[in-house]
Ligand SMILES: Nc1ncnc2c1ncn2[C@@H]1O[C@H](COP(=O)(O)OP(=O)(O)O)[C@@H](O)[C@H]1O
Ligand SMILES: [Mg+2]
């Protein structure tokens, strides 16, 4: 089987690495890919933008591609699954209509309310109703969460600590700060608790949740500072017992899939529920994503034992019910993201990266994100540069292995959080003083 992966991040490198381990997979192409996928044996980068479907179609034809796997949300929201399905090519990823669960927060909120899925109380306002939005905010108790309705690459959510701040955010969004993504806003209740990501593979009928993961969004240690695409993730998370995972399946994922069926939507791909678990154990949905998470994927896939291509084919053929249960290695995995200093603000690019081979020699996996080969040298080319995944019997060991490998890697102004997994380690330390 030949596979085309769409995207250029660490997630896509991890997908390529995982799929190439399957004996059924001959060739993997990545559009456009990064330095890591370019260097990987059996893998070819195709220089084409993630929403240039016509050019991608040429590559699909020339490389005899059997399956298209879509990494990021933008091409899904632009209808890549519809496009290739119409061409008779199997696609792992939901259609444009189904991708609305991520591409419109108000659409997702309405779906939750309609299906009885627990989520933060909220109200939606469009640009024409600025005064109504400001009045609504004036009656809320801070902190107040303001979300742009559309896709905003992680920049569309503000947690305002005063009414005035929330009102100013709405003014900024309506004023065009995020382009059309901010034409509508969802104003919602602030929820407190542990964030957990539950990703599930689904063919629109059967749902197979993956192990629960925890990401670390803010740039600074102790979860401080601006939000990023994600600075590190580990799996499985002890903040989620297996009964809790069953609850997520029946009360959230199954209800979401059924509500979409009701709208005539057959969801095929990954449905990712971003959850918050209150100190009392109540689980609520913060958002849905229509694809694999980054960096959760770089932690989840290395401990997946079931061949990923067989799960993906079962999804595209709508035969997931006949697929054997998903098997896992009995270990933990932790991925620590290495970023360019300055990210998520402005940063310089083009710095040579050293020490990757030495890091890999320790047994850790190095997934590339913002890297490229320039004049035969591997250099930085983005905000999040690498994700280093360590495995171990316990989270503490997985983290130790990741950080040990990371210590070998260097480039100018490289930055990473040294406290990934701290919430678990703190809980464990307080239980075993
Ligand atoms: N209702 C909420 N209460 C508390 N924190 C929230 C709430 N909604 C979002 N957040 C925080 O903001 C982050 C981003 O919000 P999310 O809905 O996941 O949007 P996106 O990933 O599209 O930026 C979340 O990971 C969480 O930390
Ligand atoms: Mg999110």
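All of the numbers you see were taken from the coordinates with simple rules; none came from a lab. The structure presented is a predicted model; accordingly, all values stated were derived computationally and were not measured. Reconstructed Cβ throughout: ideal geometry from the backbone, glycine too, with neighbour counts over all protein chains shown.
Note on segment 146-158: residues that are surrounded by 21 or more Cβ atoms within 10 Å (Cβ to Cβ), closer than 14 Å to residue 120 by Cβ and within 14 Å of ligand 2 (Cβ to nearest atom) total 1. For segment 200-220, a residue qualifies if it is assigned to a loop (DSSP other than H, G, I, E, B) and within 16 Å of ligand 1 (Cβ to nearest atom), and the qualifying residues are 212, 216, 217. Among residues of segment 196-212 being farther than 20 Å from residue 119 by Cβ and in contact with a strand residue (DSSP E or B) (Cβ under 7 Å, 6 or more places away or on another chain), the one that is farthest from ligand 2 (Cβ to nearest atom) is 208. Going by the structure shown, is residue 269 surrounded by 19 or more Cβ atoms within 10 Å (Cβ to Cβ), within 23 Å of residue 419 (Cα to Cα) and within 14 Å of the chain's Cα centre (by Cα)? Considered against the rule, which asks whether it is surrounded by 19 or more Cβ atoms within 10 Å (Cβ to Cβ), within 23 Å of residue 419 (Cα to Cα) and within 14 Å of the chain's Cα centre (by Cα), residue 269 comes out as no. Evaluate the following for residue 324: is it in a loop (DSSP other than H, G, I, E, B), farther than 23 Å from residue 424 by Cβ and out of contact with any strand residue (DSSP E or B) (no Cβ under 8 Å at 6 or more places or on another chain)? When the stated conditions are applied, residue 324 passes them. For the condition within 28 Å of residue 140 (Cα to Cα), part of a helix (DSSP H, G or I) and either free of Cβ contacts under 8 Å to residues at least 12 places away in the same chain or in contact with a strand residue (DSSP E or B) (Cβ under 7 Å, 6 or more places away or on another chain) (or both), residue 187 does not qualify.
Out of 302, 352, one residue alone is touching a strand residue (DSSP E or B) at 6+ places or on another chain (Cβ under 6 Å), more than 25 Å from residue 248 (Cβ to Cβ) and more than 16 Å from ligand 1 (Cβ to nearest atom). It is 352. Taking the condition away from ligand 2 (no atom under 16 Å from the Cβ), under 24 Å from the mean Cα position of the chain (by Cα), part of a helix (DSSP H, G or I) and over 30 Å from residue 247 (Cβ atoms), does residue 169 pass? Spelling it out, it is not the case that residue 169 is away from ligand 2 (no atom under 16 Å from the Cβ), under 24 Å from the mean Cα position of the chain (by Cα), part of a helix (DSSP H, G or I) and over 30 Å from residue 247 (Cβ atoms).
Please go through segment 270-298 and give me each residue that is more than 16 Å from ligand 2 (Cβ to nearest atom) and either touching a helix residue (DSSP H, G or I) at 6+ places or on another chain (Cβ under 7 Å) or at negative phi (or both), ordered by number. Selection gives 278, 279, 280, 282, 298.
Suppose we filter segment 179-199 for residues that are farther than 24 Å from residue 253 by Cα and away from ligand 1 (no atom under 11 Å from the Cβ); how many remain? Before the answer, list the steps.
First, the residues of segment 179-199 that are farther than 24 Å from residue 253 by Cα: 179-185.
Then keep just the ones that are away from ligand 1 (no atom under 11 Å from the Cβ); that gives 179-180, 182-185.
Qualifying residue count, segment 179-199: 6.
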